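For reference, the structure discussed in these notes is given below.
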Amino acid sequence: DQQVKQNSPSLSVQEGRISILNCDYTNSMFDYFLWYKKYPAEGPTFLISISSIKDKNEDGRFTVFLNKSAKHLSLHIVPSQPGDSAVYFCAASASNFGNEKLTFGTGTRLTIIP
Amino acid sequence: DTGVSQDPRHKITKRGQNVTFRCDPISEHNRLYWYRQTLGQGPEFLTYFQNEAQLEKSRLLSDRFSAERPKGSFSTLEIQRTEQGDSAMYLCASSSDSPYSANSPLHFGNGTRLTVT
């Protein structure tokens, strides 16, 4: 039962262009969403998050958009840089239930082409 | 901030053996989490501690798995009678607040890769 889905296993983007990574979720109890980036042989690193009371959150080159009615979120990276090449995981939690568990998607491997 | 430290980085063991992993969280973090990641999947939640109390356990955590955080600092994860299906990356993370607090995201260690032959 994959409650958080990242349907694109991989994505290639030219350096300087916009990278858009997508994530869908099925559990309507999820109300907090995060994106993590993972380099090979390292643990995931937090990038950006958004609460369900918002529909957009920006941090520098990274913007996350949330569409609650569609149960969809996306991460925009602009401009894309070679150091952005990594696996990106979408994660969600249900804070109203007080549990501390994050549910992760399967990841999207982003490759930035110089 | 020295980050979350996990030991060992790699462990190869034979089926049926017991293994133990250690995690040292960021020192001021009272929350500690264990996740497991298999090939092609995202991290899956195993268990969570607040200080020394184990407050949540996933149904993935069979009775062969046990985790402790005896003094509210480092934690150990033990797997008894390992099976080939236990082969995975075991990730530890820590935080100072709940993971849905914008100011206290989970900080992950680099993981322990377990291979059961």
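Quick one: in the range A:94-114, of everything that is more than 13 Å from every other protein chain (Cβ to nearest Cβ) and assigned to a strand (DSSP E or B), which residue is farthest from B:G40 (Cα to Cα)?
Taking the range A:94-114 first, the residues more than 13 Å from every other protein chain (Cβ to nearest Cβ) are A:110-114.
Pick out the ones that are also assigned to a strand (DSSP E or B) and you get A:110-113.
Numbers: A:L110: 14, A:T111: 17, A:I112: 20, A:I113: 23 Å.
In this case the residue turns out to be A:I113.
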Hits in the range B:65-96 - residues which are at the interface with another protein chain (Cβ under 10 Å from one of its Cβ atoms) and closer than 27 Å to A:D31 by Cβ: B:L91, B:C92, B:A93, B:S95
Hits in the range A:74-93 - residues which are buried (at least 18 other Cβ atoms within 10 Å of the Cβ) and not in a strand (DSSP E or B): A:S80, A:D84, A:S85
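Name the residue, out of A:A86, A:A70, A:A91, that is small (G, A, S), out of contact with any Gly (no Cβ under 6 Å at 6 or more places or on another chain) and facing chain B (nearest Cβ under 9 Å).
Working: A:A86 fails: facing chain B (nearest Cβ under 9 Å); A:A70 fails: facing chain B (nearest Cβ under 9 Å).
Sole residue among the options that is small (G, A, S), out of contact with any Gly (no Cβ under 6 Å at 6 or more places or on another chain) and facing chain B (nearest Cβ under 9 Å): A:A91.
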Condition met for B:G109 (surrounded by 21 or more Cβ atoms within 10 Å (Cβ to Cβ), under 11 Å from the mean Cα position of the chain (by Cα) and either away from every other protein chain (no Cβ under 14 Å) or over 18 Å from A:S95 (Cα atoms) (or both)): yes
Counted residues, the range B:1-30 - those being modelled with pLDDT of 95 or more and either among the hydroxyl-bearing types (S, T, Y) or part of a strand (DSSP E or B) (or both): 13
Answer residue from the range A:30-67, given it is buried (at least 20 other Cβ atoms within 10 Å of the Cβ) and in a loop (DSSP other than H, G, I, E, B) and is nearest to the other protein chains (Cβ to nearest Cβ) among those: A:G43
Strands (runs of 3 or more DSSP E) (entirely within the range B:59-102) containing at least 3 residues that are under 13 Å from B:E44 (Cβ atoms): B:88-95
Number of the condition not met by B:K57 [criteria: (1) more than 12 Å from every other protein chain (Cβ to nearest Cβ); (2) over 19 Å from B:T115 (Cα atoms)]: (1)
A:M29, sole failed condition from (1) modelled with pLDDT under 95; (2) closer than 21 Å to B:Q37 by Cα: (2)
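The values are calculated or read from the model by the stated rules, or taken from the named source; none is laboratory data. Since we're looking at a predicted model, the values are computed, not measured. Quick reminder, even Gly has a Cβ in these numbers, built from the backbone with ideal geometry, and neighbours come from all protein chains shown.
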